[in-house]
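A short write-up of the structure that comes next.
The values are calculated or read from the model by the stated rules, or taken from the named source; none is laboratory data. Everything numeric here is computed off the predicted structure, so don't read it as measured data. Reconstructed Cβ throughout: ideal geometry from the backbone, glycine too, with neighbour counts over all protein chains shown. Areas reflect the complete protein model, heavy atoms only, side chains present, ligands, DNA and RNA absent. Shrake-Rupley method; radii C 1.70, N 1.55, O 1.52, S 1.80 Å.
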Amino acid sequence: MTAPTALTVLSADTPSLVQSVDWLAIAPVVLTATVGLVVLLADLFVPERSKPVLGWLSVAGLAAATALLLPLRAGDRATFCLTGDPAACSYTADHFALVVQFLVLGGALVTALLSVTAVRDTRMPAGEYWFLLLSSAAGAALLPAARDLATLIVALEVASLPAFALVGMRRGDRLSSEAALKFFLSSVTATAVSLMGVSFVYAATGSLHLSQVAVRLEDVPGQLDTLAMAGVALTLVGFAFKTAAVPFHFWVPDTYVGAPLPIAGYLSVIGKAVGFTGLILVTVIAFPAYSEIWGPALAVLAALTMTFGNAAALRQSADRPNSAVRLLAWSSVGQAGYLLVPIAAAAYADRDQIGATVAYALMYAAVNLGAFAVAALVARTKPLHRISDYRGLYAERPLAALSLAFFLLCLAGLPPGIIGLFAKVAVFRSAVDAGLGWLAVVMAVNVVIALYYYLRWTALLFRAPDGSAEGVADGVAETRTQTTAPWPVTAAIVLTAVTAVVLSGAPQLVLRFATGSLFPQ
């Protein structure tokens with residue numbers, strides 16, 4: 001009989017490290033990334049006159065990736081799990097991940113529709129643009145399914161690094177270059193701080209998987225407790241930056257102004273979704289043992305963010321260039337404050353409170369992208385992006401004006417934007433249920449403050465245009481004959497408007513997330 005080889009002994013005494021991959025679970029992310037690579041390679045061979053094909057290929061890829069979420073709706077799939085601990089997986093397609101992936105891929109699809117015309121008209125390099133957009137969307141779709149700190153950081157950077165280049169895609173534009181540089185430097189600094197925090201958490205717990213980190217943080221040795229607390233605090237910084245929470249918000253207005261308008265909309269929704277998703281995963285799943293640290297911190301951040309954002313939005317002058325984009329930028333900062341409230345409340349109650357954040361994020365994604373879609377349409381004839389440019393929009397483009405008015409009313413939380421009202425009530429209730437009465441009062445005051453600038457813009461849409469009646473009539477007729485709305489932009493407006501109307505008519509489609517558990521117990 002021959003002696004057993006080392007390989008035989010190894011295979012008998014140790015578990016196999018070979019894992020089977022659940023390709024269906026990761027299919028939406030893989031398809032998005034694959035289409036991005038295909039577009040980049042195709043750009044080398046497609047003649048210049050056929051470059052728009054790359055845009056439509058990207059739109060089709062994002063639509064297919066979104067459709068691939070349907071077979072996963074049971075929310076019971078996981079892959080890349082540890083052989084010694086099958087419950088510790090790096091990728092989990094649960095209900096939380098699927099809802100956020102739907103938001104990300106759907107938002108990227110609307111952005112792609114807006115970009116088809118923008119890339120052609122501004123002569124941006126098509127291959128690079130679509131590759132960067134799809135790469136960022138793939139990283140953003142990966143993040144909500146990530147269940148270890150390493151994958152979270154990688155997904156965060158995959159979503160962010162292409163966004164830097166997209167912001168600076170308008171070559172020769174000083175504002176675009178400055179915005180990209182500011183966005184890059186501030187984001188890299190925040191990421192470096194987060195990486196230090198992750199290293200501290202790993203040193204204190206010996207694991208990167210969120211479920212294992214949560215268990216080991218409950219019994220950290222006394223000599224490592226300070227290290228663990230510092231790691232928790234530093235890890236939150238990078239995700240707080242992505243949410244544009246005060247004081248990590250300073251990059252937002254200049255970045256939105258300098259970026260191509262579709263990318264500004266993309267950052268306001270998908271970029272924010274990335275930050276809030278990461279924040280939810282690390283606080284609610286990985287760091288519940290240190291809720292006494294991140295709970296009060298996030299509550300204060302929420303109050304500061306909504307107050308500062310709304311106060312800055314109030315100061316926007318209607319006649320100032322780029323005032324419309326800046327108002328939407330500061331509005332997004334204020335909205336980020338509302339989104340932080342349920343996450344802070346989860347530290348004082350149970351983790352199901354974060355369902356209110358998911359419900360609010362779904363509403364916000366639809367209406368904010370819709371507002372940017374209308375802004376893209378108006379910018380075709382009035383490129384200064386001033387709020388005053390929207391005066392009399394109803395006389396010129398009635399459907400666009402009605403759509404924008406509805407989007408603004410949803411953001412304000414006023415009828416007929418019922419979904420905006422119900423989403424705010426869900427967030428408000430989460431603060432009250434958690435015993436954060438002071439935060440609920442701050443939120444109520446800020447909602448009233450925000451009414452002013454939302455209603456001021458809404459009223460402007462229906463005022464009489466400047467000039468005489470004859471001149472206005474001639475000008476409107478001339479504009480209609482010379483500037484027909486591109487159908488991809490129209491499709492984006494219709495898609496977001498229909499979504500907002502349906503959600504206002506049947507708010508339970510979103511609000512059920514605020515009352516049900518998104519994580520398996």
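I'm checking my understanding of the structure. Among residues of the range 438-466 that are small (Gly, Ala, Ser) and open to solvent by 40 Å² or more (accessible area, probe 1.4 Å), which one is nearest to Ile343 (Cα to Cα)?
Out of the qualifying residues, it is Ala444.
With the requirement that a residue be part of a loop (DSSP other than H, G, I, E, B) and open to solvent by less than 20 Å² (accessible area, probe 1.4 Å), what does the range 60-74 give you?
Leu69 - this is the single residue of the range 60-74 that is part of a loop (DSSP other than H, G, I, E, B) and open to solvent by less than 20 Å² (accessible area, probe 1.4 Å).
Does Thr8 satisfy the criteria of being modelled with pLDDT of 90 or more, out of contact with any strand residue (DSSP E or B) (no Cβ under 8 Å at 6 or more places or on another chain) and either in a helix (DSSP H, G or I) or not β-branched (Val, Ile, Thr) (or both)?
In short, no.
How about the range 285-308: which of its residues are open to solvent by 10 Å² or more (accessible area, probe 1.4 Å), within 20 Å of Phe428 (Cβ to Cβ) and either in contact (Cβ under 8 Å) with a residue 60 or more places away in the chain or out of contact with any helix residue (DSSP H, G or I) (no Cβ under 9 Å at 6 or more places or on another chain) (or both)?
Residues satisfying the conditions are Leu301, Ala303, Thr307, Phe308.
Residues in the range 392-399: is at least one assigned to a helix (DSSP H, G or I), modelled with pLDDT of 90 or more, open to solvent by less than 30 Å² (accessible area, probe 1.4 Å) and not hydrophobic (A, V, I, L, M, F, W, C)?
no
Just to be sure I understand the filter: pairs with C-beta atoms under 6 Å, separated by 6 or more residues or on different chains, first member in the range 102-116 and over 11 Å from Leu62 (Cβ atoms), second member not in a helix (DSSP H, G or I). Which pairs pass?
Note: pairs meeting the criteria are Phe102/Leu69.
Against the conditions (1) of a type in the set (Ser, Thr, Tyr); (2) out of contact with any Asp or Glu (no Cβ under 7 Å at 6 or more places or on another chain); (3) open to solvent by less than 20 Å² (accessible area, probe 1.4 Å), where does Ser177 fall short? Just the number, please.
With (1) of a type in the set (Ser, Thr, Tyr); (2) out of contact with any Asp or Glu (no Cβ under 7 Å at 6 or more places or on another chain); (3) open to solvent by less than 20 Å² (accessible area, probe 1.4 Å) applied to Ser177, the lone miss is (3).
If the requirement is being among the charged types (D, E, K, R) and either closer than 30 Å to Cys89 by Cβ or modelled with pLDDT of 90 or more (or both), which of these qualifies: Arg456, Arg480, Arg463?
Arg456
Looking only at the range 36-59, count every residue that is among the polar types (S, T, N, Q) and open to solvent by 20 Å² or more (accessible area, probe 1.4 Å) and tell me the total.
Final tally of qualifying residues: 1.
Cβ contacts < 7 Å: first residue at negative phi and charged (D, E, K, R), restricted to the range 27-47; second residue in a helix (DSSP H, G or I) and modelled with pLDDT under 95, any location; separation 6+ or different chain. Result?
Every condition considered, the pairs that remain are Asp43/Leu54; Asp43/Ala126; Asp43/Gly127.
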